[in-house]
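Have a look at the structure below before the remarks.
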Amino acid sequence: MLSNLDHNISSSTVESRPLEPSPAPALEPRPPTSSDEDFFSSTSIASSSSSEDIQTNHSSPPLPPAAPPPPQIPISWPASGAISREWVNELMNAFEWASRAVPPQEFPSLLPVEVFDRLILSASKILHKEKNCVSIEGEELGRVSKVVVVGDLHGQLHDVLFLLKDAGYPGEDRIFVFNGDYVDRGAWGLETFLLLLAWKVILPHRVFLLRGNHESKYCTSVYGFEKEVSCKYGDKGKHVYRKCLGCFEGLPLASIIAGRVYTAHGGIFRSIPSTPSKRYKGKKNRKVIVDPNSNALSLGSFEELSKARRSVLDPPWEGQNLIPGDVLWSDPSMDPGLSPNKERGIGLLWGPDCTEEFLKKFDLKLIIRSHEGPDAREKRPGLGQMNEGYTIDHVVDSGKLITVFSAPDYPQFQATDERYRNKGAYIVLEPPDFDTPVFHTFDAITPRPVVNPYYDYEDVIDSDEELDMASMVPAT
């Protein structure tokens, strides 16, 4: 009925081999600029393991190409007021080049604050209008040759650039769904997030950016993104970080593809039981009391998901608004049933029986989630390891539960003597039904530019476990 080893049931795997990039020349810094435009009125305020020894299996290594000329910098916002695909291509090239040529503290000479402001404002206006669970169907799928589902990226810019090229860039015939965790741990979380926002702005109905648990105030303060932003933007760092937090709040929680595939960062979610209380005299409507701590956990509905309040800096682990935390933090288990995720302190654990119930109840065939890299999976007995960038965790009568992780050789900074050396993966879904996964795996781009980490990777809490709940921003 279930399996964590069988990766070949109604699916196939394709392996990609990235080429090594060439170094780039140095950049003359330019002074940063700033902007006081504020869209987010509701928002609160070591040494690198470069992976140079990882070998790609080329039969005869090609000669490295000549170093490309530096891009036009600083990057400016188009006079027309609208960015284009050409602009996004220039942004990708500039970020890749600068990662090897520009010290982090000179980042504003590449992307001035005023350009950052325009980009994140444009993207946020689109994201905040989207539903909690975006539906990708109908006309949006009519001209599409494939849907690409991407897992955790964690600021590994060069691997992201390779993935986009390998899968084929977003376009009218190609939809991308990203399952979140764009930032933290890796050294280029800001570039990764901004790059994907740019794709969202130019192709809002072809690029879908879901929220991960690391798109939160707590995680970004612990795992490096807040410090990364501060280092790259200096005295404007707080301004940039606050705008990013506001944008995180607008990211949708989940997607439904072709009515057959559910994707989210962590997974499924509970129903929040409610009981009518005594009718108060003079009141036409009865007061409804929500009891999220009810011992009888049951699966939630998409109607409940649609009503959850996602505009929180940290999804709550207690109270009435538990669904966002479930969607972002939950994990599958080989044990049956639905139970609190005590290891993480937030979200749920669910077994194969719950996967079957969820798929059958909503007439789905696949659940594609992310959230667990090789470090997390080595502590999960009974579940497949993340060596290939994906696992098939549950195989049940109605379909499958899949975990996809798109950050190869993760984490970038590792305190262990031996690196995990995992591959990254993405999933391709093709017409007519978009419900048969084709797995594409790839190795990390090497060598990574040498850069210092933005968090204490040797002492930080491993795999987001044993969270300091007191440090998380309470929902108001």
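The values are calculated or read from the model by the stated rules, or taken from the named source; none is laboratory data. Just so we're clear, the structure is a prediction, and the values are computed from it rather than from any experiment. For neighbour counting, all protein chains shown are included, and Cβ atoms are generated from backbone atoms with ideal geometry for every residue, glycine included. With ligands, DNA and RNA removed, areas are computed over all heavy atoms of the protein, side chains included. Shrake-Rupley method; radii C 1.70, N 1.55, O 1.52, S 1.80 Å.
The table that follows gives values for the structure above.
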item: Amide hydrogen neighbours beyond the local backbone of Asn213, cut-off 5 Å, H modeled; result: Asp181
item: Label-to-label distance, nm, for residues given as Lys129 and Phe302 (7 Å Cα→Cβ offset); result: 2.2 nm
item: Centroid-to-centroid separation of segment 315-346 and segment 67-125 [C-alpha atoms, Å]; result: 38 Å
item: Protection proxy ranking, peptides 118-129, 198-209, average beta carbon neighbours within 10 Å, highest first; result: 198-209, 118-129
item: Backbone N within segment 321-361 under 16 Å of label point (7 Å from Ser274 Cα along the Cβ vector); result: 321-324
item: Heavy-atom surface of segment 312-409, accessible at 1.4 Å and reported per residue (Å²); result: 30 Å²
item: Average accessible surface area per residue within segment 78-202, 1.4 Å rolling probe, Å²; result: 30 Å²
item: Gained length - Gln105 relative to Ser80, 0.36 nm times residue gap less alpha-carbon distance; result: 6.0 nm
item: Percent accessible area from carbon and sulfur atoms, segment 69-120, protein chains only, probe 1.4 Å; result: 49 percent
item: Mean-position separation - Cα centroids, segment 408-432 and segment 232-253, in angstrom; result: 26 Å
item: Peptides 409-422, 215-228 ordered by average Cβ neighbours within 10 Å, highest first; result: 215-228, 409-422
item: Rounded to whole Hz, the Karplus (6.51, -1.76, 1.60) HN-Hα couplings of segment 452-460, x for glycine and proline; result: 7, x, 9, 8, 7, 5, 7, 10, 5
item: Other-chain or far-sequence residues with amide H under 5 Å of Gly259's (modelled H); result: Ile136
item: Sulfur and carbon atoms: percent of accessible area, segment 285-428 [1.4 Å]; result: 45 percent
item: Peptides ranked, highest mean first, by Cβ atoms within 10 Å: ranges 74-84, 148-158, 95-105; result: 148-158, 95-105, 74-84
item: Of every Cα-Cα pair in segment 368-424, the percent that sits beyond 20 Å; result: 24 percent
